[in-house]
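Okay, structure first, notes after.
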Amino acid sequence: MTMNVDQEFFNEVLRHLDIIYEVDGDTKLKIQDLINDGKAVLEFKAQNNDIDWEDSFNKRILKEYVRFSYNGLTDFFDDNFITAITEFCIRNEVYENGKV
């Protein structure tokens with residue numbers, strides 16, 4: 001399922017990737033897919049599909065995931081961001097009776 005990507009966040013991702021030119025339709029779709037894939041991966045890691053993607057920390061780790069994915073380096077993401085991933089999971093922890 002493809003989620004709509006907020007235009008402001010999409011532009012932040014472009015800047016994070018140092019893409020300063022106008023992107024064509026295929027590139028735009030690729031980056032949108034990477035953002036959605038990153039959300040799915042991070043939500044799985046946190047075991048929480050109700051992440052606040054407006055939170056600056058959550059956005060930052062998502063942008064880093066997209067950067068690694070855009071460059072074909074997702075195999076190295078966990079090793080390079082283990083501390084941030086752990087913090088992400090703790091911040092977005094879900095308890096048995098709901099979100100705390």
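Working from Cα positions, state the angle (0 to 90°, nearest 10) between the long axis of helix 7-16 and the longest principal axis of the chain.
With rounding to tens, the tilt is 80 degrees.
Which of the GluC sites (Glu not before Pro) found in the range 1-72 are loop residues per DSSP with 10 or fewer other Cβ atoms within 10 Å of their Cβ?
Passing both the DSSP loop test and the Cβ count: E22, E54.
What are the ³J(HN,Hα) values, in whole Hz, obtained from phi via the Karplus relation 6.51 cos²θ - 1.76 cosθ + 1.60 with θ = phi - 60°, for each residue of the range 35-46 in sequence order, with x given for Gly and Pro?
After applying 6.51 cos²θ - 1.76 cosθ + 1.60, I find 5, 5, 4, x, 4, 5, 4, 5, 5, 5, 4, 7 Hz.
Given a 1.4 Å probe and every protein chain left where it sits, what share in percent of the accessible area of the chain is carbon and sulfur?
Carbon plus sulfur share of accessible area: 46 percent.
Calculate, in nm to one decimal, what D75 and E87 gain on full extension: separation in residues at 0.36 nm each, minus their alpha carbon distance.
2.4 nm
Just the number please: accessible area per residue for the range 3-61, 1.4 Å probe, all protein chains included, in Å².
Per-residue value: 62 Å².
Helix 56-70: angle to the longest alpha-carbon principal axis of the chain, degrees 0 to 90, nearest 10?
50
Please state the charge dipole magnitude for the chain, taken about the Cα centre, from unit charges on C-beta atoms (+1 on K and R, -1 on D and E), reported in debye and rounded to the nearest 20.
Dipole size: approximately 80 debye.
Would you mind counting up the charge near E12? Only other residues with Cβ under 10 Å from its Cβ, with Lys and Arg at +1 and Asp and Glu at -1.
+2
The values are calculated or read from the model by the stated rules, or taken from the named source; none is laboratory data. As the structure is a computational prediction, the values presented were derived from the model and not from experiment. Cβ coordinates were reconstructed from backbone atoms using ideal geometry, including for glycine residues, and neighbour counts include every protein chain displayed. Heavy atoms of the whole protein, side chains included, go into the accessibility calculation; ligands, DNA and RNA do not. Shrake-Rupley method; radii C 1.70, N 1.55, O 1.52, S 1.80 Å.
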